[in-house]
Amino acid sequence: MDNQRLILFIVFSFSLLLLWEAWQDKHAPPPPAVTATNAPASTSTPPIPSQGLNAPAAAPAQAGFVKGARAVVETDVLRATIDANGGDLRQLQLLTYRETEARNEIFTLFEDDPAQPYLAQSGLLGKDLPTHRSVFQLNPGTYRLTRGASQVEVPLVWNDPATGVRVEKTYIFKRNSYEIALRTRVINNGTQPVDLTPYYQFTRHSGAPRGASFFLHTFTGPAFYTDAKKFQKVTFKAIQEGKAEFEKTADDGWVSLVQHHFVAAWLPEGTVKREYYARALGHDLYSAGVILAEGTLAPGQQKVFTVPLYAGPQTQKLLEAAAPGLDLARDYGWLTPLAFPIYWSLAKIEHFVGNWGWAIIILTILLKLALFPLSAAGYKSMAKMKKLTPRLQKLKETYGDDRAKLHQAMAEMYKTEKINPLGGCFPILIQIPVFIALYWVLLAAVEMRGAPWLGWIHDLTAPDPFFILPIIMGITSILQVKLNPQPMDPMQAKVMMIMPVAFTVMFVFFPAGLVLYWIVNNILSITQQWVINKQVQDGGKPASGKA
């Protein structure tokens, strides 16, 4: 197998793998939809610690996500909706981002959709303490971050006259920040001690986010982080089947829900004991969260604890600043050690040129130059093979279907001409991880979301609306095939010509930034291959001997 066929085969196989993953997600049996009036009982049942924290059992659940008094918070980057029922964060819009398919609509991360909800919730485990199904006192209305103010607060209050316990929740939104602090103050005016076991969780459906491409499979689901086990992704399927594996207890770490380009994470601080959990609630709803052990509150005492919530884009700098390990939510897969320096280089170039499209082009050129010696060896091998193609064809005509004699004659010809037919394979194989790493970088970079290149390309993370780039990519791929040695087998030759057409169809659905990279790489490869072919044909040693 020559180099070009090898790289096309590997890339094509990689694309088929992505399609298979997407197909599995797309065609998974859909569970019954959740409605506002007929939700599973477990939907609003507080989590029960499986070990270590010994909280009492939950009270009977109420049905659905009941709507109550609401506060709408507006900052320079967020618009949030808080409901008095549980003090849930029911809706969160990121004002500087737009939906993938509806560019005029603000991107919504948390959503109070009866059929596909995504909420951030919190509560306290224990008898006669408020959970995320309890009703808080809330002054409804709009809370705006005023000019000159650094933050805006939304207070909620819960009282139990029978026990004398008062719980105050306060959401704190800061200027130019996707981090929301949830401060909880518990006052014990009663006569009995109170065990403080707060929990923080996300409740979400298992579906892919809006605008997700069938051809580009990205992870959506819970992820946990501890210092011992690091970043641990958990699929909804594993939770449903009871096979979810992650560290359940630790003195550090956080819980998150990851989706393409965005992440929400509860980020407990300090070394308070944590218990992590993930549960299937039925009706395609899942919860993932963390339970904290805040100790015992004696009568007449009060205690305040604050847990930050990051809910925003997977921007490298923001994730690194929010919490240790949160930058791993920006998942580059097993090639992270290679992908990170590639992204770093891409970001530096963009900072200099001011455009992500031109940054992709420049980075592709730089990578091609860096790998030039390796790729040149592969192209030289293909050029020599192309020169021998007429003689190889004569050998095939001479020996017909006698495969053993044909292969022996070919081996002798390669030996005489000092050509290793697999000589360029190793250099090409070395380049494959670079390609895949760059693929994941371009796929994961939320910085490119909504970023234009030129003319008709208004968003490098969205497909080309006029299919111009995929068509150019297809033409350049066909030119590449023409420059390479043609397979002697007619069927293989047909497959080699069909593959560029198949790629063109697939790339219609790929983000424009990925297609742009591929086009530039193709053009550079065509140029390099043409020059080397001409050198071998014109200046190389003439092939000697007879077929």
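Values as computed for the structure displayed
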read-out: Rg(Cα) / (2.2 N^0.38 Å) computed for region 85-188, rounded to two decimals; value: 1.25
read-out: Equivalent ellipsoid dimensions for region 265-328 as semi-axes, Å, which come from the Cα gyration tensor, largest first; value: 26, 20, 10
read-out: Reachable aspartates and glutamates, given that their alpha-carbon falls under 18 Å from the alpha-carbon of Lys303 and they are not under 8 places away in the same chain; value: Asp128, Asp160, Glu168, Asp195, Glu269, Glu294
read-out: Over 30 Å between alpha carbons, listed pairs Lys169/Lys348; Lys348/Lys380; Lys127/Lys248; Lys169/Lys229; Lys127/Lys237; value: Lys169/Lys348; Lys348/Lys380; Lys169/Lys229; Lys127/Lys237
read-out: Relative contact order %, region 129-261, counting alpha carbon pairs below 8 Å whose residues are six or more apart; value: 15 percent
read-out: Rg to Rh quotient for region 194-269, alpha carbon positions, Kirkwood Rh; value: 1.00
read-out: J(HN,Hα) series, region 159-172, from Karplus relation 6.51 cos²θ - 1.76 cosθ + 1.60, nearest Hz, glycine and proline x; value: 10, 10, x, 5, 9, x, 9, 10, 10, 10, 9, 9, 8, 10
read-out: Carbon + sulfur, % of accessible area of region 147-279 - ligands and nucleic acids excluded, 1.4 Å; value: 46 percent
read-out: Value of D in µm² per second that Stokes-Einstein yields for region 146-189, Kirkwood Rh from Cα pairs, at 25 °C (0.890 mPa s); value: 207 µm²/s
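The values are calculated or read from the model by the stated rules, or taken from the named source; none is laboratory data. Note that the structure is predicted; figures quoted are calculated from it, not measured. Note: accessible area is taken over every heavy atom of the protein model, side chains too, but ligands, DNA and RNA are not part of it. Shrake-Rupley method; radii C 1.70, N 1.55, O 1.52, S 1.80 Å.
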